[in-house]
1. When you check residue 29 against the structure, is it out of contact with any strand residue (DSSP E or B) (no Cβ under 7 Å at 6 or more places or on another chain), modelled with pLDDT under 90 and not in a loop (DSSP other than H, G, I, E, B), yes or no?
2. Is it the case that the range 489-496 has a residue that's within 24 Å of residue 349 (Cα to Cα) and over 19 Å from the mean Cα position of the chain (by Cα)?
3. Among the listed residues 304, 339, 293, 381, identify the single one that is within 26 Å of residue 203 (Cα to Cα), over 25 Å from the mean Cα position of the chain (by Cα) and surrounded by 17 or more Cβ atoms within 10 Å (Cβ to Cβ).
4. Based on what the data block shows, is residue 168 modelled with pLDDT under 75, surrounded by fewer than 19 Cβ atoms within 10 Å (Cβ to Cβ) and under 25 Å from the mean Cα position of the chain (by Cα)?
5. Of all residues being touching a Leu at 6+ places or on another chain (Cβ under 8 Å) and farther than 20 Å from residue 33 by Cα in the range 222-234, which is surrounded by the fewest Cβ atoms within 10 Å (Cβ to Cβ)? Just the residue, please.
6. Can you tell me which residue in the range 275-290 is modelled with the lowest pLDDT, limited to those that are polar (S, T, N, Q) and either under 28 Å from residue 203 (Cα atoms) or surrounded by 10 or more Cβ atoms within 10 Å (Cβ to Cβ) (or both)?
7. Return the pairs, sorted by first residue and then second, in which the second residue is surrounded by 23 or more Cβ atoms within 10 Å (Cβ to Cβ) and modelled with pLDDT of 85 or more, the first residue lies in the range 128-157 and is farther than 20 Å from residue 299 by Cα, the beta carbons are less than 9 Å apart, and the residues are 6+ apart or on different chains.
8. I need the full set of residues from the range 204-234 which are aromatic (Phe, Trp, Tyr) and assigned to a loop (DSSP other than H, G, I, E, B), in order please.
Amino acid sequence: MRLIQQAKQKLNIWVLLSSVFILIILLPTMLVAKHFFAEPNENWLHIKEYLLLDILSNTLVLIILTGVLTTIIGVSLAWVVTAYQFPLRNFLKWALILPLAIPPFIGAYTYQGILDYTGIIQSTLRNAFDIHVDQKYFDIMNIGGAVFIFTMFLFPYMYVITRSFLANQSASIIENARILGGGSVGTFFRIVLPISRTAIIGGVSIIALEVINDYGVVKYFGIQTFITAIFQTWSGMSDLESAFKLAGTLMVVVILLLLFEKFARGRKRYSYSSTKIKPITPKRLTGYKATMATTYCLAVFSFAFMIPFIQLVLWTFMTYEKIVTVEFFALIKNSFFVAAISSILIVIVAVIISNYTRIYQGIYTKVIAKITVLGYSIPGAVIAISVITIFVGLDKYLMSIFSYFQMDPIIVFRTSIVMLITAYVIRFLTVGYNSIEAGFEKIGNSFTEASRSLGVSTVKTFFKVDIPMLKGAIFGGFILVFIDILKELPLTMLLQPFNFFTLATKAFRYANDEMVNEAASASLIIILISGICIFFFHKISEKGSGQ
């Protein structure tokens, strides 16, 4: 009887819901694995022999070069902002996060427009100074240009993660290094970089996954990567089997990347020898050092945000009368609708799974926690072909039921927005889960245990005690997911219903059709909304950390 009661305690609503959500997350991986080992067709044999090596090498070059450059810029900015006080520091501390508001594909076509023959730079040189330059010096539509774009608009991931880590380090570490005669440069390389190793590797892994998942930049610049190959194989050649094999190969690359991350982290841990931790106090810079620090931060901020933002504003004023119509407001409504609904669902699922893994400790909950963070490592194109395969199968099943009852067959799922929202939930659940999990860790279990000891049920405790204390984490998770979905391109392009466009897909279509000026209005709305969300998230984070 006791065993039955224990089984009932374990098999409750939290277990059932969490298990269902985990199964949904695993579906794309299981489908890819199933098709990856199927018999190859002629298209796949051709791709494997003539194209796969170039696809792999381009992808790896983009990952490695972007990883190195974002590490250099992100870590150096994080150290300067954390360790020193200089003019405009308080503004730059959060302004350096703003490049995340600009999707890389928007940055790509904006910089291409700036550097083009008819762009502002070459036009000014010709008209004002009568200087004619060779176009090849301004050509960024190549791997080097893609690396520049990725670096400028992805380095904030490294900056945010490293700055958060450094801001919570004990000042005694830095003070001791200075007492022992270590200069600023020596302290940075000998102390700061080693203790920041885990944060840096975590930032690089996120940036690498972003590069792998990108479709807009590589498609616009004409660079062949796994994502573009999957798009072409599936939509251009109507070859789902080869697309799955490409997806499977890409998943192998992702798994190797994650294993390398785990290996690179190693077993090194840095902990304090005392419970008295004094956060780093910024050292005031004066003279040319203060000028250099401000100039460096402003230069990166200008290239990563201000220059493309100002250019988009100028293009918007040139074209808004033609672009801002009823259709344009429908784009805004569509974007807000799918982003808001998906974000709400993701936060709900994340809260349920986080609460379950917190309350019930064991091997199963540890496995669930690991699987939950898997979705973000699966590229959008892989999730897209898996989700559409599942929904096409559901439609076929429903049509057979309609036929059995002699009813007119109706395609229900593959033409609905449910398919797109499902893909968003799988892809971005990790983002919401990490935020909610961090919130649960912060509030601890003492209040929950006190409520349970008073005889209050788990569900009632969850709504009366846990949720009110978790408001900040829930709101923060919602904002992060909302921004990601608003900027998402590959999933939306592949799964959006007929005649359903978002700001991101419309901006990309304009840019891809060489209508760069017309793409500015939709792009600017994305940036403004994302920028406002980032500002609020920064304020919430600072309030929570007490910085």
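The values are calculated or read from the model by the stated rules, or taken from the named source; none is laboratory data. What you see is a predicted model; the values in this text were computed from it and never measured. Because the Cβ atoms are built from the backbone with ideal geometry, glycine has one as well, and the counts that use them run over all protein chains shown.
1. Numbers: out of contact with any strand residue (DSSP E or B) (no Cβ under 7 Å at 6 or more places or on another chain): yes; modelled with pLDDT under 90: yes; not in a loop (DSSP other than H, G, I, E, B): yes.
Judged against the criteria, residue 29 is a match.
2. yes
3. The match here is 293.
4. Details: modelled with pLDDT under 75: yes; surrounded by fewer than 19 Cβ atoms within 10 Å (Cβ to Cβ): yes; under 25 Å from the mean Cα position of the chain (by Cα): yes.
Against the criterion (modelled with pLDDT under 75, surrounded by fewer than 19 Cβ atoms within 10 Å (Cβ to Cβ) and under 25 Å from the mean Cα position of the chain (by Cα)), residue 168 qualifies.
5. Restricting to residues being touching a Leu at 6+ places or on another chain (Cβ under 8 Å) and farther than 20 Å from residue 33 by Cα, the top hit is 224.
6. 275
7. Correct list of pairs: 141/108.
8. Pass one, the range 204-234, residues aromatic (Phe, Trp, Tyr): 215, 220-221, 226, 231, 234.
Of everything in the range 204-234, just one residue is aromatic (Phe, Trp, Tyr) and assigned to a loop (DSSP other than H, G, I, E, B), namely 215.
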